[in-house]
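Below: one structure, written as structure tokens.
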Amino acid sequence: MSPTPRPRSRIQQRNREVILDAALEVFSLHGFRGATLDQIAEVAGLSKPNLLYYFPSKEEVHKALLTGLLDTWLDPLRAMNPAGQPLQEVLAYVRRKLDLARDFPRESRLFAGEILQGAPRMQAAIEGDLRRLVEEKAAILTRWMDEGRIARVDPVHLVFSIWALTQHYADFEVQVRAVLGPGHDPYSEAGDFLETLFTRLLTP
């Protein structure tokens with residue numbers, strides 16, 4: 001029987017959080033291939049040997065980030081209530097995804113970078129938890145369509161379109177702000193636009 005791992009001390013937990021935050025900054029800027037442990041250690045304000053005490057490799061740091069990120073990414077879709085009012089549930093999901101893009105832009109870019117590389121470190125999770133959740137919510141959307149409560153569209157591609165239209169504001173934030181110019185709140189404006197768009201699309 002393997003021994004039970006000892007709980008981390010406050011200092012150990014804090015150092016892990018500092019390392020992961022630094023890694024998020026470095027990976028979101030340089031991607032997995034371009035990032036180095038030296039860069040992560042420098043941003044974290046720790047020595048490289050100290051970093052290696054917590055994470056033995058760049059791969060392990062990246063894996064820890066992605067594991068936490070997937071749960072964050074799935075939570076807004078999990079919150080879609082099958083007993084709720086259909087159109088309002090979809091619009092609320094759009095708002096939650098847009099809020100996620102606004103509040104976690106580095107995480108969004110990290111996730112996008114992983115997918116663009118072929119998801120070598122997330123393939124199992126994408127084909128497992130993510131796919132099952134989308135199938136579950138697609139069944140709910142299909143039931144609402146069968147009941148005539150929202151217009152009929154492909155439910156999975158509806159989810160894809162929500163991802164694309166919300167995460168764009170994080171992944172291409174520099175472009176969005178440059179085109180809009182000063183004095184604009186892209187997330188507030190996007191929220192109003194997307195609500196109108198999906199209301200028109202889904203109203204029976």
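Counting residues in the range 8-25 that are at pLDDT 90 or above and either closer than 30 Å to D146 by Cβ or among the aromatic types (F, W, Y) (or both) gives zero. Identify the residue in the range 34-57 that is at negative phi and either in contact (Cβ under 8 Å) with a residue 40 or more places away in the chain or outside any helix (DSSP H, G or I) (or both) and, among all such residues, is nearest to the chain's Cα centre (by Cα). Checked the range 34-57; the qualifying residue nearest to the chain's Cα centre (by Cα) is A35. Somewhere in the range 173-183, is a residue among the aliphatic types (A, V, I, L, M) and closer than 16 Å to L70 by Cα? So far as the range 173-183 goes, no, none of its residues is among the aliphatic types (A, V, I, L, M) and closer than 16 Å to L70 by Cα.
A quick yes/no check of all residues on (1) farther than 27 Å from D21 by Cβ; (2) part of a helix (DSSP H, G or I); (3) at pLDDT 85 or above:
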{"residue": "D71", "(1), (2), (3)": "no, yes, no"}
{"residue": "D75", "(1), (2), (3)": "no, yes, yes"}
{"residue": "M80", "(1), (2), (3)": "yes, no, yes"}
{"residue": "V90", "(1), (2), (3)": "yes, yes, yes"}
{"residue": "V94", "(1), (2), (3)": "yes, yes, yes"}
{"residue": "A125", "(1), (2), (3)": "no, yes, no"}
{"residue": "R131", "(1), (2), (3)": "yes, yes, yes"}
{"residue": "E136", "(1), (2), (3)": "yes, yes, yes"}
{"residue": "L141", "(1), (2), (3)": "yes, yes, yes"}
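The values are calculated or read from the model by the stated rules, or taken from the named source; none is laboratory data. All values derive from a computational prediction rather than experimental measurement. Note that we place each Cβ from the backbone using ideal geometry, even for glycine, and neighbour counts take in every protein chain shown.
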